[in-house]
1. Scan the range 234-262 for residues that are touching a Leu at 6+ places or on another chain (Cβ under 6 Å) and in a loop (DSSP other than H, G, I, E, B) and report the count.
2. I'd like to verify a number: residues in the range 251-268 that are surrounded by fewer than 22 Cβ atoms within 10 Å (Cβ to Cβ) and among the β-branched types (V, I, T), how many?
3. Check off (1) buried (at least 18 other Cβ atoms within 10 Å of the Cβ); (2) under 19 Å from the mean Cα position of the chain (by Cα) for V417 and give me the number that stays unchecked.
4. Any chance the range 269-277 includes a residue that's under 25 Å from S457 (Cα atoms) and either of a type outside the set (D, E, K, R) or surrounded by 18 or more Cβ atoms within 10 Å (Cβ to Cβ) (or both)?
5. Looking at the range 181-203, I want the residues that are assigned by TED's automatic domain parsing to the domain that holds L248 and have a partner that is part of a strand (DSSP E or B) and polar (S, T, N, Q) with Cβ atoms under 7 Å, at least 6 apart or on another chain. Which pairs are those?
6. Please specify each residue of the range 277-324 satisfying the condition of being polar (S, T, N, Q), within 15 Å of R372 (Cβ to Cβ) and part of a loop (DSSP other than H, G, I, E, B).
7. Among the residues that make up the range 213-234, is at least one of them buried (at least 19 other Cβ atoms within 10 Å of the Cβ) and within 14 Å of the chain's Cα centre (by Cα)?
8. What is the residue count in the range 287-302 for residues that are under 10 Å from A380 (Cβ atoms) and in contact with a Lys or Arg (Cβ under 6 Å, 6 or more places away or on another chain)?
Amino acid sequence: MPQSANKTISNRTVAIRQCQAERRKRLQIKTLTIEVDKEIHGKIKKLANHKQITIQGLLSNALKSMVDPDMNGQFLRPWSIFEKFLDEKECDRTHVSLFSGCGGIDLGFRQAGFKTVFANDIDEDACMTYRANLGEIVEGDVRNVSLPKITDKLDVLSAGFPCQPFSNAGSRKGLEDDRGTLYEAALDAVNTLKPRAVVFENVRGLLSFKNGKKLLVEEICSNLDDLGYDVIFSLIDASKHNVPQRRLRVLIVGMERTKKTGNFSFPHPIERDDLSLRHTILDIPPDSLNQTELMQLNPQALHIGSMVPEGGSWKNIPYDKLPSRLKKIADNMEKYRWPNFYRRYHRDEVAGTITAAFKPENAGVWHPTEKRIFSVREIARIQSFPDWFNFDGRTVKSKYQQIGNAVPPRLAYEVAVQVGKALDGENLRSGSEYLTFDQFVETGKPLRVCDRDVVYSNGGGAAKKR
């Protein structure tokens, strides 16, 4: 390996170790060393894999429960934070929402004390759901609607611009897709409204797309930096932030560079062992809103899905029972990149990503114990929507799409709380608990969840603190 490559890897390793050390110091975490034999270690590792949690997280939770019997009750269910919905009159901050969808981001921000003064989306069905649960929304193309005239300083603008152009589950056409340039509309709105904080959300694929020779994420961050924002982004796993779903998303946050504004940092990941499907959907009352709504599938898809055992996929179906198209793939798995069609997660597993496409073949959408796909209410729970949130729309399929497109409201809430603290002047970022953008680019490797925050600007750029 070339010497320069060794240096690059070393720099990244050092940065990550410094990040971990800083976290332990800030949270006053002490390290314990436990010696076990090979057999016990194997059992612990197997249990951790089964619970989809790190060995460190598994042992930490076990030790906490030993010394604190009430520890098991400390985590409320992910959506319970929304049971007492915060009235707009109780909100002391303002929020403008673009690409609002059915309202996942807005629900989270409302509960954190942000009143949405303007919301917009182009999807008719999503707007129907938004109005039924959250209030008024302007329906139409963001490039053609008039932005609000806000007299007082706007606190935050959020935009979950369309992800399909950058998603593995979408078109992957990037900027060639007409929706792929809608981030520019979001940046234009930031320039016009000049909010104190900006929150953008998109899929992981955003990090690898280029606009010419420049990474698209760099172009977005550079524009925000030029507009006077301290910019930071991270690859977030929603299941590490109280959402019962393994969902990787890129979040970009810009904080206006003023002396009154603190430095933002994303909420620290947590380990929970109660986010499995068993804890999420198996207790839903049959008369719950949207629980009886199931997307209609063709008979062959239903037949194939019914043969998949809990925790398995199409690979568990006997070869002679596969349709000819799946036999062709099974005969040359390497050519087709070992697809995991018709995935049925075990009840003790955390659900995979809920997508807008919601294809029963390509996504893990099958109920763990029943011979059917998830209902509308079940995927809403997996996305952390509360049970009172009623999904409207002209078709059942549109409701699946709305939920798949949404930002999990519990994740939005966690981020909104951090934004609020930074707006109050708290400095949430400390020491070396982040990677610089140069470190991220120099490695030439994809950003990982464990890499934590990447800081594009650190009080510098075109505008200084004022």
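The values are calculated or read from the model by the stated rules, or taken from the named source; none is laboratory data. Predicted, not measured: the structure shown is a model, and the values here were computed from it. Note that we place each Cβ from the backbone using ideal geometry, even for glycine, and neighbour counts take in every protein chain shown.
1. Qualifying residue count, the range 234-262: 3.
2. The number of residues fulfilling the criteria is 2.
3. (1)
4. yes
5. Filtered contacts from the range 181-203: V199/S158.
6. N290, Q291, T292, Q296, N298
7. yes
8. The qualifying residues number 3.
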